[in-house]
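Remarks on the structure that follows.
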Amino acid sequence: MRAAASAPGKVILFGEHFVVHGAPALVASIDLRAAAIVERAESGGVRLSDGSKDNPAVKAVEHVLRRLGASASLIIEIESRIPQSVGLGSSAALAASSSAAALHLLAGRLDLNLILESSHEGEKIIHYMPSGIDTSIATFGGIGVYARSSGYKKLDIALEEILVVNTGMRRRTGDMVLRVRGFAEREPERFKQLLDEAGRIIEEGLDALRSRDLERLGMLMSRNQELLRVVGVSSPELEEAIAMCLDAGAYGAKLTGAGGGGCVIAAADPDKMDEIISRISGRFEVFRVRLGVEGVRVERP
Ligand code: PMV
């Protein structure tokens with residue numbers, strides 16, 4: 001009696017941090033996935049295969065049980081290709097895949113809204129106030145616009161691939177969000193200008209995506225990075241990774257997610273990607289990722 005499911009990680013193409021203050025963000029799933037196998041047990045409640053209970057996957061599955069009005073002991077085995085704590089949505093993907101596998105095992109169906117709600121419950125234990133970007137992308141996949149007020153709206157656009165460079169520096173999203181809040185309180189007028197500029201970048205970014213204009217997309221990434229520098233969430237490692245991408249021929253690059261460490265994304269010609277990877281991979285881990293992949297789905301256990 002077991003079931004399996006997987007869910008994708010994410011990148012924020014444009015608009016992190018400003019999204020917390022009301023601007024939209026442009027977000028995409030990536031083809032690095034996390035998978036969960038959920039198996040019935042005799043007793044012991046819900047836990048990971050190493051016995052731990054205090055994590056988003058377990059909390060998400062407990063929420064599924066509550067909503068189904070069911071009680072069961074379940075063991076969750078997880079496996080993920082998404083690096084942790086570097087802004088690629090690894091914990092949300094684990095929560096979504098675990099909820100989906102549990103739901104499939106117990107009810108024989110997937111209910112995306114319940115998976116989203118359960119993953120959000122799971123995420124609460126690590127992000128005190130998750131914006132919902134990670135869980136929306138893990139559940140629904142694709143590329144789209146996310147705003148706090150209206151949630152995630154998937155768009156019918158595609159961008160084949162981008163590069164993700166992992167600086168390997170872990171950081172806490174909450175600390176970075178507080179740093180930006182500090183800036184906004186100290187310099188409200190300047191922050192308002194940055195927020196407006198972030199909104200314009202999203203509009204232009206959507207245009208660039210629709211017309212598959214990689215050069216413009218890269219230029220917009222670099223413009224977005226400038227705003228993130230001003231509010232204080234870049235770091236020496238991020239700047240080093242960005243400079244390496246640009247030197248190696250990328251059209252533009254920016255941090256993705258909370259900053260302070262974590263990952264950089266870069267837009268480049270697909271023909272040049274291997275060359276860029278070979279120049280960076282001695283220093284940082286680099287992934288060539290496909291964007292806009294399918295959300296949570298059932299897998300063969
Ligand atoms: O740490 P991440 O990659 O999940 O990114 C957080 C994105 C922020 O805009 C900084 C915070 C948020 O909740 O949207």
Any hit, the stretch 216-235, residues being in contact with a Cys (Cβ under 7 Å, 6 or more places away or on another chain) and closer than 30 Å to LEU178 by Cβ: no
Of residues in the stretch 224-266 being without any contact (Cβ under 8 Å) to a residue 24 or more places away in the chain and under 27 Å from GLU185 (Cβ atoms), the one nearest to the ligand (Cβ to nearest atom): ARG229
Output for the stretch 108-133, where each listed residue is charged (D, E, K, R), in a helix (DSSP H, G or I) and either at pLDDT 95 or above or over 20 Å from ILE30 (Cα atoms) (or both): GLU117, GLU121
Single residue of the stretch 134-156 satisfying the filter (in contact (Cβ under 8 Å) with a residue 60 or more places away in the chain and assigned to a loop (DSSP other than H, G, I, E, B)) that is nearest to ASP213 (Cα to Cα): GLY142
Tally, over the stretch 63-83, of residues that are in contact with a Leu (Cβ under 9 Å, 6 or more places away or on another chain), in contact (Cβ under 8 Å) with a residue 40 or more places away in the chain and either within 16 Å of the ligand (Cβ to nearest atom) or not aliphatic (A, V, I, L, M) (or both): 7
Scan of the stretch 255-281 for residues that are among the β-branched types (Val, Ile, Thr) and under 30 Å from ARG179 (Cα atoms), ordered by number: THR256, VAL264, ILE265, ILE280
Filtered residue count, the stretch 22-59, keeping only those that are surrounded by 21 or more Cβ atoms within 10 Å (Cβ to Cβ) and within 16 Å of the ligand (Cβ to nearest atom): 11
Unique residue being within 12 Å of the ligand (Cβ to nearest atom), among the acidic types (Asp, Glu) and out of contact with any Phe, Trp or Tyr (no Cβ under 8 Å at 6 or more places or on another chain) when the list is ASP134, ASP111: ASP134
Selection within the stretch 150-182 - within 13 Å of the ligand (Cβ to nearest atom) and surrounded by fewer than 18 Cβ atoms within 10 Å (Cβ to Cβ): GLY151, MET169, ARG170, ARG172, GLY174, ASP175, LEU178, ARG179, ARG181
Counted residues, the stretch 267-287 - those being touching a strand residue (DSSP E or B) at 6+ places or on another chain (Cβ under 6 Å) and either assigned to a strand (DSSP E or B) or free of Cβ contacts under 8 Å to residues at least 12 places away in the same chain (or both): 4
Residues being of a type in the set (Asp, Glu) and buried (at least 19 other Cβ atoms within 10 Å of the Cβ) - total across the stretch 183-213: 0
Verdict on GLY89 being within 16 Å of the ligand (Cβ to nearest atom), farther than 23 Å from ASP111 by Cβ and small (Gly, Ala, Ser): no
Of all residues in the stretch 114-131 being of a type in the set (A, V, I, L, M, F, W, C) and within 16 Å of the ligand (Cβ to nearest atom), the one that is surrounded by the most Cβ atoms within 10 Å (Cβ to Cβ): LEU116
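The values are calculated or read from the model by the stated rules, or taken from the named source; none is laboratory data. None of the values given here were measured: they were computed from a predicted structure. With ideal geometry, Cβ positions are generated from the backbone for all residues, glycine too; neighbour counts draw on all protein chains shown.
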